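Notes for the one structure printed next.
The values are calculated or read from the model by the stated rules, or taken from the named source; none is laboratory data. All figures in this text were calculated on a predicted structure; none of them were measured in a lab. Here the Cβ positions follow ideal geometry from the backbone for every residue, glycine too, while neighbour counts run over all protein chains shown. The area values use the complete protein model at the heavy-atom level, side chains included, leaving out ligands, DNA and RNA. Shrake-Rupley method; radii C 1.70, N 1.55, O 1.52, S 1.80 Å.
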Amino acid sequence: MAPIRALHVAEKPSVAKKVAEHLGKGVQTTTRSGPSQYNRLFEFETAGPPSHAQRKVKHVVTSVTGHLMQTEFAEPHNKWHACAPRDLLREDVSRVEWSVADDKLPLKRQLEAEARNADWLVLWLDCDREGEAIAYEVVDVCSAAKPNLDLWRAKFSSVDHASVVGAWRALLRPDKRKADAVAARSELDLRAGAAFTRFQTFRIDGRYDDVTTKVVSYGPCQFPTLGFIVARQLEIDAHDSKPFWKVELATTVE
């Protein structure tokens, strides 16, 4: 029976190296470069996991470097003066597009090339919502190159030998709902940030002599964070210092 060809993708190169080191322990491992010079590929062959114990597996382990995708408004709403800022808040008026970032195009080509030769796609991204979102960015790129890939998710909390081998022996399925939750939050952040940044910039532009900035940015995370900083500073400023005393005890043991 032909071996299973498994493409493993980790969230960063250091994790890919550890996955290859632990899964390939005791067997010959080769390394090579691909289109993305920062994301090396490790190759080796082992027995399959318990669910496929009768099969051999040819492994190719590589990585991404965080998110592959970026979000931007589709034409014409990506241009500042193409619409009123409020239109950016309306899904029925403006559309958000997801695309691979320009600096990640070599990595996209690498994943596509490896996916075409794979049967399985094993996702070793961080085990949180953000990791699941990056996992599905990898899925989108790889599945476009080979639609019938069998998708697997490795669940691990450490990159020690026991955790990596345990995750490989108990593969699960990725959770699209977690990735969708991150995508929804990302789109909301983009819509709110872009709409209010344009609104503030247009309102302030040229009205105040002492304001020289060209862009007055707004971010859903910036303002709550600024609020925490201001609140803490107000607490410090309002502090009324008073004298206090403390008791110190000295003992001698004979």
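Here are some notes:
- Using C-alpha pairs below 8 Å separated by at least 6 residues, the relative contact order for the chain is 18 percent.
- With contacts taken as Cα pairs under 8 Å at a separation of at least 6 residues, segment 131-187 carries a relative contact order of 46 percent.
- ³J(HN,Hα), Karplus 6.51/-1.76/1.60, whole Hz, each residue of segment 7-20, x for Gly, Pro: 9, 9, 10, 9, 7, 8, x, 5, 6, 4, 4, 5, 4, 5
- GNM on the chain, alpha-carbon springs under 10 angstrom: the most fluctuating residue among Ala231, Ala179, Ala84 is Ala231.
- Placing unit charges on the Cβ atoms only, positive for Lys and Arg and negative for Asp and Glu, gives segment 124-241 a dipole magnitude near 580 debye about its Cα centre.
- A Förster distance of 25 Å, applied to the separation of the beta-carbon atoms of Asp150 and Arg95, puts the FRET efficiency at 0.20.
- Model label points for Phe199 and Asp237, set 7 angstrom from Cα along the Cα-to-Cβ axis, are 2.7 nm apart.
- Applying 1/(1 + (r/R0)^6) with r as the Cβ-Cβ distance of Gln54 and Arg109 and R0 = 30 angstrom yields a FRET efficiency of 0.30.
- Dipole in debye (nearest 20) - the chain, about Cα centre, beta carbon charges: Lys, Arg +1; Asp, Glu -1: 940 debye
- Cα gyration tensor shape for segment 154-213, rounded if a/c is under 1.5, else prolate or oblate: oblate
- Exposure of Phe223 as accessible area (Å², to 10), given a probe of 1.4 Å and all protein chains: 100 Å²
- A simple charge model with +1 on the Cβ of Lys and Arg, -1 on the Cβ of Asp and Glu and nothing else charged puts the dipole of segment 1-91 at about 400 debye relative to its Cα centre.
- For the chain, carbon and sulfur atoms together expose 54% of the accessible surface, with a 1.4 angstrom probe and every protein chain in place.
- Each part reduced to its alpha carbon centroid, segment 3-35 and segment 42-105 end up 21 Å apart.
- Hydrodynamic radius (Kirkwood) for the chain, which is based on Cα pairs only, to one decimal in Å: 22.0 Å
- Residue of Arg95, Arg109, Arg32 that the Gaussian network model of the chain assigns the largest fluctuation, springs spanning Cα pairs under 10 Å: Arg32
- Net charge in the neighbourhood of Ala170 (other residues with Cβ under 15 Å of its Cβ; Lys, Arg +1, Asp, Glu -1) is +4.
- Net charge of neighbours whose Cβ lies under 15 Å from the Cβ of Asn39, counting Lys and Arg as +1 and Asp and Glu as -1: +2
- Residue (of Trp98, Trp124, Ala82) at the positive-pole extreme of segment 9-138, dipole from beta-carbon charges: Trp124
- Selection from Val164, Met1, Asn148 lying farthest towards where the dipole of the chain points positive, charges on Cβ: Met1
- Paramagnetic label zone (point 7 Å from Cα along Cα-to-C-beta, Phe223; backbone N under 18 Å) in segment 60-89: 85-89
- When the Cα positions of His52, Thr31, Phe42 are compared along the charge dipole of the chain, His52 comes out farthest toward the positive end, with charges on each C-beta of Lys, Arg, Asp and Glu.
- Local charge for Thr71 was computed over the other residues whose Cβ lies under 12 Å away, with Lys and Arg +1 and Asp and Glu -1, and equals -2.
- Residue separation of Glu248 and Ala84 scaled by 0.36 nm, minus their Cα-Cα distance, works out to 52.3 nm of gained length.
- Per residue, the accessible area of the chain comes to 62 Å², computed with a 1.4 Å probe over protein heavy atoms only.
- Candidates Gly219, Gly48, Gly26, ranked by Gaussian network fluctuation over the chain, Cα under 10 Å, top entry: Gly26
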